[in-house]
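Encoded as C-alpha coordinates, the structure appears first; notes follow it.
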Amino acid sequence: DNLLRRAACQEAQAFGNQLIPATVPLKKATVFLNPAACKGKAGNLFEKNAAPILHLSGLDVTVVKTDYEGQAKKLLELMENTDLIIIAGGDGTVQEVITGLLRRADEAAFSKIPIGFIPLGKTCTLSHTLYPECTNQVQHITNATLAILKGETVPLDVLQIKGEKEQPVFAVSGLRWGSYRDAGVKVSKYWYLGPLKTKAAHFFSTFKEWPQKHQAALMYLGPTERPPEEPDEKPSRPPLYVRLYRRLRSYWSSPKEFPQEVAPEDWEELKLSTIELSIATRNRQLDLTRTEDFMDICIEAESISKGEFVHRGSQKMRDPHMCPEGSQCIQASRCILQLPEGAEGSFGIDNEEYEAMPVEVKLLPRKLRFFCDPRMREQMLQAAVQ
(Lines give C-alpha, C1' and ligand atoms only; values in the text may rest on other atoms or scores of the structure.)
Protein backbone atom coordinates (compact mmCIF):
# COMPACT_ATOMS: atom_id res chain seq x y z
CA ASP A 1 0.00 0.00 0.00
CA ASN A 2 2.83 2.39 0.83
CA LEU A 3 4.46 1.71 -2.56
CA LEU A 4 1.16 2.52 -4.31
CA ARG A 5 0.86 5.77 -2.33
CA ARG A 6 4.45 6.75 -3.16
CA ALA A 7 3.98 6.06 -6.90
CA ALA A 8 0.76 8.13 -6.94
CA CYS A 9 2.47 11.02 -5.11
CA GLN A 10 5.36 11.03 -7.60
CA GLU A 11 2.83 11.19 -10.46
CA ALA A 12 1.01 14.07 -8.72
CA GLN A 13 4.28 15.92 -8.17
CA ALA A 14 4.78 16.10 -11.96
CA PHE A 15 1.58 18.20 -12.11
CA GLY A 16 2.72 20.35 -9.18
CA ASN A 17 6.14 21.05 -10.76
CA GLN A 18 4.63 22.59 -13.91
CA LEU A 19 5.32 26.34 -14.19
CA ILE A 20 2.38 28.72 -14.41
CA PRO A 21 2.56 32.41 -15.45
CA ALA A 22 2.59 34.95 -12.62
CA THR A 23 -0.70 36.44 -13.85
CA VAL A 24 -2.59 33.12 -13.67
CA PRO A 25 -4.08 32.34 -10.22
CA LEU A 26 -3.84 28.87 -8.69
CA LYS A 27 -6.75 26.55 -9.40
CA LYS A 28 -9.09 26.34 -6.41
CA ALA A 29 -10.43 22.93 -5.39
CA THR A 30 -13.17 22.61 -2.74
CA VAL A 31 -13.37 19.14 -1.17
CA PHE A 32 -16.59 18.04 0.58
CA LEU A 33 -15.49 15.26 2.93
CA ASN A 34 -17.94 13.10 4.86
CA PRO A 35 -15.86 11.63 7.73
CA ALA A 36 -18.80 9.40 8.80
CA ALA A 37 -18.76 7.44 5.50
CA CYS A 38 -17.46 3.85 5.49
CA LYS A 39 -18.41 3.41 9.20
CA GLY A 40 -16.33 6.42 10.25
CA LYS A 41 -13.15 5.39 8.39
CA ALA A 42 -13.51 7.88 5.50
CA GLY A 43 -11.59 10.73 7.22
CA ASN A 44 -8.55 8.51 7.79
CA LEU A 45 -8.74 7.02 4.28
CA PHE A 46 -8.81 10.53 2.75
CA GLU A 47 -5.88 11.84 4.84
CA LYS A 48 -3.67 8.84 4.04
CA ASN A 49 -4.47 8.23 0.37
CA ALA A 50 -6.00 11.30 -1.33
CA ALA A 51 -4.93 14.44 0.57
CA PRO A 52 -1.15 14.13 -0.17
CA ILE A 53 -1.87 13.75 -3.91
CA LEU A 54 -4.11 16.84 -3.99
CA HIS A 55 -1.61 19.00 -2.06
CA LEU A 56 1.33 17.91 -4.25
CA SER A 57 -0.58 18.66 -7.47
CA GLY A 58 -0.36 22.46 -7.14
CA LEU A 59 -4.07 22.97 -6.40
CA ASP A 60 -5.28 25.44 -3.78
CA VAL A 61 -7.22 22.88 -1.72
CA THR A 62 -9.97 23.72 0.80
CA VAL A 63 -11.36 20.73 2.73
CA VAL A 64 -14.89 21.12 4.13
CA LYS A 65 -15.82 18.36 6.61
CA THR A 66 -19.53 17.69 7.12
CA ASP A 67 -20.69 17.08 10.71
CA TYR A 68 -24.29 15.97 10.15
CA GLU A 69 -26.65 14.73 7.43
CA GLY A 70 -27.87 17.50 5.11
CA GLN A 71 -25.03 19.91 5.99
CA ALA A 72 -23.44 19.67 2.52
CA LYS A 73 -26.67 21.04 0.95
CA LYS A 74 -26.52 24.11 3.22
CA LEU A 75 -22.79 24.65 2.66
CA LEU A 76 -23.25 24.53 -1.13
CA GLU A 77 -25.70 27.46 -0.92
CA LEU A 78 -22.95 29.59 0.67
CA MET A 79 -20.03 28.36 -1.47
CA GLU A 80 -18.16 30.99 -3.45
CA ASN A 81 -16.53 30.47 -6.84
CA THR A 82 -14.26 27.47 -7.21
CA ASP A 83 -12.58 25.77 -10.17
CA LEU A 84 -13.23 22.18 -9.04
CA ILE A 85 -15.64 20.48 -6.65
CA ILE A 86 -14.39 17.20 -5.16
CA ILE A 87 -16.77 14.84 -3.34
CA ALA A 88 -15.04 12.47 -0.89
CA GLY A 89 -17.54 9.94 0.46
CA GLY A 90 -20.20 7.54 -0.79
CA ASP A 91 -23.52 7.72 -2.66
CA GLY A 92 -25.16 9.76 0.11
CA THR A 93 -22.46 12.46 -0.04
CA VAL A 94 -22.71 12.66 -3.86
CA GLN A 95 -26.48 13.05 -3.64
CA GLU A 96 -26.25 15.78 -0.99
CA VAL A 97 -23.62 17.78 -2.89
CA ILE A 98 -25.35 17.68 -6.28
CA THR A 99 -28.71 18.52 -4.65
CA GLY A 100 -27.18 21.55 -2.92
CA LEU A 101 -25.43 22.56 -6.15
CA LEU A 102 -28.53 22.34 -8.37
CA ARG A 103 -30.80 24.10 -5.85
CA ARG A 104 -28.70 27.29 -6.08
CA ALA A 105 -30.24 30.31 -7.83
CA ASP A 106 -27.14 30.47 -10.10
CA GLU A 107 -27.09 26.73 -10.79
CA ALA A 108 -26.78 27.32 -14.56
CA ALA A 109 -23.24 28.67 -14.02
CA PHE A 110 -22.30 26.42 -11.10
CA SER A 111 -23.38 23.21 -12.85
CA LYS A 112 -20.59 23.82 -15.40
CA ILE A 113 -17.93 23.36 -12.68
CA PRO A 114 -16.32 19.91 -13.14
CA ILE A 115 -16.81 17.49 -10.25
CA GLY A 116 -14.37 14.89 -8.94
CA PHE A 117 -15.45 11.84 -6.96
CA ILE A 118 -13.18 10.05 -4.47
CA PRO A 119 -14.97 6.79 -3.48
CA LEU A 120 -14.71 6.41 0.32
CA GLY A 121 -18.23 5.20 1.24
CA LYS A 122 -19.80 1.80 1.72
CA THR A 123 -21.72 2.15 -1.58
CA CYS A 124 -20.07 4.06 -4.44
CA THR A 125 -22.24 3.41 -7.51
CA LEU A 126 -20.56 6.11 -9.63
CA SER A 127 -17.10 4.56 -9.30
CA HIS A 128 -18.19 1.69 -11.65
CA THR A 129 -18.74 4.26 -14.41
CA LEU A 130 -15.78 6.57 -13.77
CA TYR A 131 -12.92 4.24 -12.77
CA PRO A 132 -11.66 0.75 -13.70
CA GLU A 133 -12.56 -2.13 -11.36
CA CYS A 134 -9.96 -2.51 -8.62
CA THR A 135 -9.84 -4.89 -5.64
CA ASN A 136 -7.20 -2.90 -3.72
CA GLN A 137 -8.86 -0.02 -1.84
CA VAL A 138 -5.70 2.16 -1.71
CA GLN A 139 -5.16 1.82 -5.47
CA HIS A 140 -8.85 2.58 -6.14
CA ILE A 141 -8.70 5.82 -4.12
CA THR A 142 -5.34 6.96 -5.59
CA ASN A 143 -6.53 6.19 -9.16
CA ALA A 144 -9.67 8.28 -8.57
CA THR A 145 -7.65 11.21 -7.17
CA LEU A 146 -5.14 11.11 -10.06
CA ALA A 147 -8.03 11.02 -12.58
CA ILE A 148 -9.10 14.45 -11.23
CA LEU A 149 -5.63 15.84 -12.03
CA LYS A 150 -5.58 14.35 -15.55
CA GLY A 151 -8.66 16.43 -16.42
CA GLU A 152 -10.69 14.00 -18.59
CA THR A 153 -14.44 14.47 -18.01
CA VAL A 154 -17.68 12.75 -19.06
CA PRO A 155 -21.20 14.28 -18.97
CA LEU A 156 -23.63 12.49 -16.64
CA ASP A 157 -27.43 12.63 -16.58
CA VAL A 158 -29.24 13.76 -13.44
CA LEU A 159 -32.79 13.00 -12.26
CA GLN A 160 -34.81 15.82 -10.71
CA ILE A 161 -37.29 14.30 -8.23
CA LYS A 162 -39.93 16.73 -6.99
CA GLY A 163 -42.70 16.07 -4.45
CA GLU A 164 -45.79 18.23 -4.01
CA LYS A 165 -44.37 20.39 -1.20
CA GLU A 166 -40.67 19.66 -0.79
CA GLN A 167 -37.80 21.24 -2.73
CA PRO A 168 -36.53 18.96 -5.50
CA VAL A 169 -33.96 16.26 -4.77
CA PHE A 170 -31.39 15.30 -7.43
CA ALA A 171 -29.96 11.85 -8.15
CA VAL A 172 -27.29 10.44 -10.49
CA SER A 173 -28.27 6.73 -10.14
CA GLY A 174 -32.01 6.56 -9.65
CA LEU A 175 -35.07 5.91 -7.52
CA ARG A 176 -36.30 2.56 -6.14
CA TRP A 177 -39.61 1.73 -4.50
CA GLY A 178 -40.58 -1.80 -3.51
CA SER A 179 -39.94 -4.98 -1.57
CA TYR A 180 -36.31 -5.60 -2.62
CA ARG A 181 -35.31 -2.13 -1.45
CA ASP A 182 -37.15 -2.56 1.87
CA ALA A 183 -35.49 -5.94 2.50
CA GLY A 184 -32.05 -4.64 1.44
CA VAL A 185 -32.18 -1.89 4.09
CA LYS A 186 -32.57 -4.54 6.83
CA VAL A 187 -29.58 -6.68 5.78
CA SER A 188 -27.22 -5.07 8.31
CA LYS A 189 -29.56 -6.10 11.18
CA TYR A 190 -28.65 -9.74 10.51
CA TRP A 191 -24.86 -9.14 10.74
CA TYR A 192 -24.50 -12.08 13.14
CA LEU A 193 -25.43 -14.50 10.31
CA GLY A 194 -22.28 -13.55 8.34
CA PRO A 195 -22.51 -14.39 4.61
CA LEU A 196 -26.14 -15.54 5.02
CA LYS A 197 -27.39 -12.12 6.20
CA THR A 198 -28.61 -11.03 2.71
CA LYS A 199 -30.65 -14.21 2.14
CA ALA A 200 -31.99 -14.02 5.70
CA ALA A 201 -33.25 -10.44 5.30
CA HIS A 202 -35.12 -11.34 2.10
CA PHE A 203 -36.40 -14.65 3.53
CA PHE A 204 -37.86 -13.03 6.67
CA SER A 205 -39.49 -10.26 4.59
CA THR A 206 -41.57 -12.96 2.79
CA PHE A 207 -43.36 -13.66 6.11
CA LYS A 208 -45.38 -10.48 5.51
CA GLU A 209 -48.44 -10.65 3.27
CA TRP A 210 -47.60 -12.45 0.04
CA PRO A 211 -47.46 -11.59 -2.83
CA GLN A 212 -46.26 -8.11 -1.89
CA LYS A 213 -47.94 -5.59 -4.18
CA HIS A 214 -47.08 -1.92 -4.72
CA GLN A 215 -49.85 -0.21 -6.67
CA ALA A 216 -49.56 3.17 -8.37
CA ALA A 217 -50.47 5.17 -11.49
CA LEU A 218 -47.68 6.20 -13.84
CA MET A 219 -47.82 8.91 -16.51
CA TYR A 220 -44.80 9.34 -18.78
CA LEU A 221 -43.39 11.04 -21.88
CA GLY A 222 -41.18 9.18 -24.35
CA PRO A 223 -37.45 9.82 -25.06
CA THR A 224 -36.33 13.21 -26.38
CA GLU A 225 -33.91 13.82 -29.22
CA ARG A 226 -30.44 14.80 -28.07
CA PRO A 227 -29.45 18.31 -29.23
CA PRO A 228 -25.94 18.79 -30.67
CA GLU A 229 -23.28 19.51 -28.07
CA GLU A 230 -22.52 23.20 -27.59
CA PRO A 231 -18.92 24.26 -28.26
CA ASP A 232 -16.95 25.19 -25.12
CA GLU A 233 -15.54 28.36 -26.67
CA LYS A 234 -17.96 31.10 -27.65
CA PRO A 235 -17.57 32.39 -31.23
CA SER A 236 -15.87 35.79 -31.49
CA ARG A 237 -18.10 38.85 -31.89
CA PRO A 238 -18.45 40.05 -35.51
CA PRO A 239 -17.15 43.56 -36.43
CA LEU A 240 -19.38 46.65 -35.89
CA TYR A 241 -20.26 47.16 -39.60
CA VAL A 242 -21.46 43.53 -39.88
CA ARG A 243 -23.66 43.95 -36.80
CA LEU A 244 -25.13 47.24 -38.17
CA TYR A 245 -25.85 45.62 -41.56
CA ARG A 246 -27.63 42.68 -39.87
CA ARG A 247 -29.67 45.02 -37.68
CA LEU A 248 -30.81 47.13 -40.70
CA ARG A 249 -31.57 44.04 -42.79
CA SER A 250 -33.78 42.57 -40.06
CA TYR A 251 -35.52 45.97 -39.64
CA TRP A 252 -36.39 46.38 -43.34
CA SER A 253 -37.18 42.74 -44.09
CA SER A 254 -40.83 41.59 -44.22
CA PRO A 255 -42.42 40.75 -40.87
CA LYS A 256 -41.91 37.16 -39.80
CA GLU A 257 -44.81 34.74 -39.79
CA PHE A 258 -46.13 33.72 -36.41
CA PRO A 259 -44.72 30.37 -35.30
CA GLN A 260 -47.13 27.46 -35.42
CA GLU A 261 -48.62 26.27 -32.17
CA VAL A 262 -46.51 23.68 -30.37
CA ALA A 263 -48.15 20.26 -30.36
CA PRO A 264 -49.38 19.20 -26.89
CA GLU A 265 -47.17 16.74 -25.03
CA ASP A 266 -48.18 13.14 -25.61
CA TRP A 267 -48.51 11.69 -22.08
CA GLU A 268 -49.13 7.96 -21.72
CA GLU A 269 -50.86 6.56 -18.64
CA LEU A 270 -50.37 3.20 -16.97
CA LYS A 271 -51.89 1.53 -13.90
CA LEU A 272 -49.32 -0.71 -12.28
CA SER A 273 -49.12 -3.36 -9.58
CA THR A 274 -45.54 -4.47 -9.00
CA ILE A 275 -43.17 -5.99 -6.48
CA GLU A 276 -40.65 -3.21 -7.23
CA LEU A 277 -40.45 -0.13 -9.44
CA SER A 278 -37.14 1.49 -10.35
CA ILE A 279 -36.37 4.65 -12.34
CA ALA A 280 -32.70 4.80 -13.33
CA THR A 281 -30.39 7.01 -15.38
CA ARG A 282 -28.23 5.56 -18.16
CA ASN A 283 -25.03 6.50 -16.28
CA ARG A 284 -24.14 2.84 -15.64
CA GLN A 285 -24.18 2.07 -19.41
CA LEU A 286 -22.82 5.42 -20.52
CA ASP A 287 -22.98 5.91 -24.31
CA LEU A 288 -21.29 9.14 -25.38
CA THR A 289 -22.67 8.98 -28.95
CA ARG A 290 -26.36 8.11 -28.41
CA THR A 291 -28.91 10.28 -30.21
CA GLU A 292 -31.77 10.09 -27.67
CA ASP A 293 -31.99 11.04 -23.99
CA PHE A 294 -34.10 8.91 -21.66
CA MET A 295 -34.26 7.20 -18.28
CA ASP A 296 -35.13 3.52 -17.76
CA ILE A 297 -38.32 2.67 -15.88
CA CYS A 298 -38.46 -1.00 -14.80
CA ILE A 299 -41.77 -2.44 -13.52
CA GLU A 300 -41.17 -5.93 -12.12
CA ALA A 301 -43.83 -8.64 -12.23
CA GLU A 302 -45.55 -9.28 -8.90
CA SER A 303 -46.15 -12.98 -9.59
CA ILE A 304 -42.94 -14.44 -8.18
CA SER A 305 -42.27 -17.32 -5.80
CA LYS A 306 -40.67 -16.80 -2.39
CA GLY A 307 -37.58 -18.77 -3.47
CA GLU A 308 -37.11 -16.57 -6.55
CA PHE A 309 -37.56 -13.47 -4.37
CA VAL A 310 -34.73 -14.55 -2.02
CA HIS A 311 -32.42 -15.47 -4.94
CA ARG A 312 -33.14 -12.28 -6.89
CA GLY A 313 -32.74 -10.18 -3.73
CA SER A 314 -29.07 -11.24 -3.51
CA GLN A 315 -28.53 -10.17 -7.15
CA LYS A 316 -30.25 -6.84 -6.44
CA MET A 317 -27.80 -6.13 -3.61
CA ARG A 318 -24.96 -6.26 -6.18
CA ASP A 319 -26.80 -4.39 -8.95
CA PRO A 320 -29.80 -2.45 -7.50
CA HIS A 321 -31.14 -1.25 -10.87
CA MET A 322 -31.00 -4.60 -12.73
CA CYS A 323 -34.18 -5.29 -14.72
CA PRO A 324 -35.00 -9.05 -14.56
CA GLU A 325 -36.64 -11.07 -17.34
CA GLY A 326 -40.41 -10.70 -17.48
CA SER A 327 -40.30 -7.06 -16.31
CA GLN A 328 -41.92 -4.21 -18.23
CA CYS A 329 -39.24 -1.74 -19.36
CA ILE A 330 -40.14 1.80 -20.42
CA GLN A 331 -37.90 4.56 -21.79
CA ALA A 332 -39.05 8.03 -20.71
CA SER A 333 -37.76 11.59 -20.44
CA ARG A 334 -40.24 12.59 -17.74
CA CYS A 335 -42.76 10.78 -15.55
CA ILE A 336 -45.31 11.38 -12.79
CA LEU A 337 -45.79 8.67 -10.16
CA GLN A 338 -49.13 8.85 -8.34
CA LEU A 339 -49.37 6.70 -5.20
CA PRO A 340 -52.70 5.69 -3.61
CA GLU A 341 -53.71 7.59 -0.47
CA GLY A 342 -52.15 6.22 2.70
CA ALA A 343 -49.37 4.41 0.78
CA GLU A 344 -46.62 3.39 3.16
CA GLY A 345 -42.98 2.58 2.58
CA SER A 346 -39.97 4.55 1.47
CA PHE A 347 -38.15 5.51 -1.70
CA GLY A 348 -34.46 4.76 -2.08
CA ILE A 349 -32.97 7.73 -3.96
CA ASP A 350 -29.26 7.04 -4.66
CA ASN A 351 -29.36 4.60 -1.67
CA GLU A 352 -30.71 7.34 0.64
CA GLU A 353 -34.11 6.84 2.29
CA TYR A 354 -37.00 9.27 1.62
CA GLU A 355 -40.67 9.04 2.52
CA ALA A 356 -42.80 7.61 -0.31
CA MET A 357 -45.09 10.25 -1.84
CA PRO A 358 -46.43 11.27 -5.28
CA VAL A 359 -43.47 12.62 -7.29
CA GLU A 360 -42.56 14.02 -10.68
CA VAL A 361 -39.26 12.72 -12.07
CA LYS A 362 -37.60 14.71 -14.82
CA LEU A 363 -34.41 13.81 -16.71
CA LEU A 364 -31.76 16.54 -16.95
CA PRO A 365 -29.55 15.12 -19.73
CA ARG A 366 -25.77 15.68 -19.54
CA LYS A 367 -26.29 18.12 -16.66
CA LEU A 368 -23.01 17.64 -14.76
CA ARG A 369 -19.45 16.86 -15.84
CA PHE A 370 -17.53 14.35 -13.71
CA PHE A 371 -13.81 13.60 -13.91
CA CYS A 372 -13.12 10.05 -15.07
CA ASP A 373 -10.13 7.81 -15.71
CA PRO A 374 -8.89 8.40 -19.31
CA ARG A 375 -8.92 4.61 -19.88
CA MET A 376 -12.64 4.43 -19.12
CA ARG A 377 -13.43 7.29 -21.51
CA GLU A 378 -11.40 5.54 -24.24
CA GLN A 379 -13.33 2.28 -23.64
CA MET A 380 -16.67 4.13 -23.95
CA LEU A 381 -15.65 5.73 -27.26
CA GLN A 382 -14.34 2.40 -28.65
CA ALA A 383 -17.58 0.62 -27.64
CA ALA A 384 -19.59 3.35 -29.39
CA VAL A 385 -17.56 2.96 -32.63
CA GLN A 386 -18.03 -0.84 -32.65
> Hey, any idea what % of the chain's accessible area is carbon plus sulfur with a 1.4 Å probe?
Replying inline: 52
> Hey, what's the per residue convex hull volume over the C-alpha atoms of the chain, in cubic angstrom?
Replying inline: 200
> Got a sec? What order do Val154, Val61 fall in by accessible area at 1.4 Å, biggest, i.e. largest, first?
Replying inline: Val61, Val154
>> How many angstrom lie between the Cα centre of the stretch 1-27 and the Cα centre of the stretch 303-361?
In response: 44
>> So if each residue of separation counts as 0.36 nm, and I subtract the Cα-Cα distance between His311 and Asp60, what length gain in nm does that give?
In response: 85.4 nm
> In nanometres, what is the gap between the two model label sites at Ile113 and Arg237, each 7 Å from Cα along Cα-to-Cβ?
Replying inline: 2.8
> Which of the lysines could be linked to Lys189 by a straight reach, that is with a Cα gap under 18 Å, when you skip same-chain ones fewer than 8 residues away?
Replying inline: Lys39, Lys122, Lys197, Lys199, Lys208, Lys316
>> How much length would be gained if the chain were fully extended between Val185 and Leu78, taking 0.36 nm per residue of separation minus their Cα-Cα distance, in nm to one decimal?
In response: 35.2 nm
> Which of the cysteines in the chain are isolated, no other cysteine C-beta under 4.7 Å?
Replying inline: Cys9, Cys38, Cys124, Cys134, Cys329, Cys335, Cys372
>> For the chain, what does the helix formula give at 222 nm: sum of -39500 (n - 2.57) over DSSP H segments with n ≥ 4, over the residue count, nearest 500 deg cm²/dmol?
In response: -9000 deg cm²/dmol
> What is the stretch 1-151 by shape, rounded, prolate or oblate, if you read a ≥ b ≥ c off the alpha carbon gyration tensor as root eigenvalues and call it rounded for a/c under 1.5, prolate for a/b larger than b/c, and oblate otherwise?
Replying inline: oblate
>> Quick check on the chain: of the DSSP beta bridges with both residues there, what percent are antiparallel, nearest 5%?
In response: 75
> For labels at Lys27 and Glu164 in the simple 7 Å Cα→Cβ model, what's the distance in nm?
Replying inline: 4.7
> Restricting attention to the stretch 94-154, which GluC sites (Glu not before Pro) occupy a DSSP loop and are surrounded by at most 14 other Cβ atoms within 10 Å?
Replying inline: Glu133
> Counting only heavy atoms of protein chains, what accessible area per residue, in Å², does the stretch 145-242 have with a probe of 1.4 Å?
Replying inline: 59
> Which loop-located trypsin sites (Lys or Arg not before Pro) does the stretch 1-63 contain, where loop means any DSSP state but H, G, I, E or B and the Cβ has at most 11 other Cβ atoms within 10 Å?
Replying inline: none
> Hey, rough spin-label estimate for Asn2 and Gln137, points 7 angstrom out along Cα→Cβ, what's it come to in nanometres?
Replying inline: 1.9
> If you plug each phi of the stretch 164-170 into the Karplus form 6.51 cos²θ - 1.76 cosθ + 1.60 with θ = phi - 60°, what whole-Hz ³J(HN,Hα) values come out, in order, with x for Gly and Pro?
Replying inline: 6, 10, 5, 5, x, 10, 10
> Hey, what did the chain get for relative contact order, percent, Cα under 8 Å, at least 6 apart?
Replying inline: 22
>> Only sites in a loop by DSSP and with at most 15 other Cβ atoms within 10 Å count here; which GluC sites (Glu not before Pro) in the stretch 1-83 make the cut?
In response: Glu69, Glu80
>> What does the net charge come to around Gly89 if you take all other residues with beta carbon closer than 11 Å to its beta carbon, with K and R at +1 and D and E at -1?
In response: 0
>> Could you sort Ser57, Ser305 by their accessible area in this structure, using a 1.4 Å probe and putting the largest first?
In response: Ser305, Ser57
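The values are calculated or read from the model by the stated rules, or taken from the named source; none is laboratory data. Predicted model, so just to flag it, every value in this text is computed and none were measured. Ideal geometry is used to build each Cβ from the backbone, glycine not excepted, and the neighbour counts take in all protein chains shown. Each accessible area value is taken on the protein alone, full model and side chains, heavy atoms only, with ligands, DNA and RNA left out. Shrake-Rupley method; radii C 1.70, N 1.55, O 1.52, S 1.80 Å.
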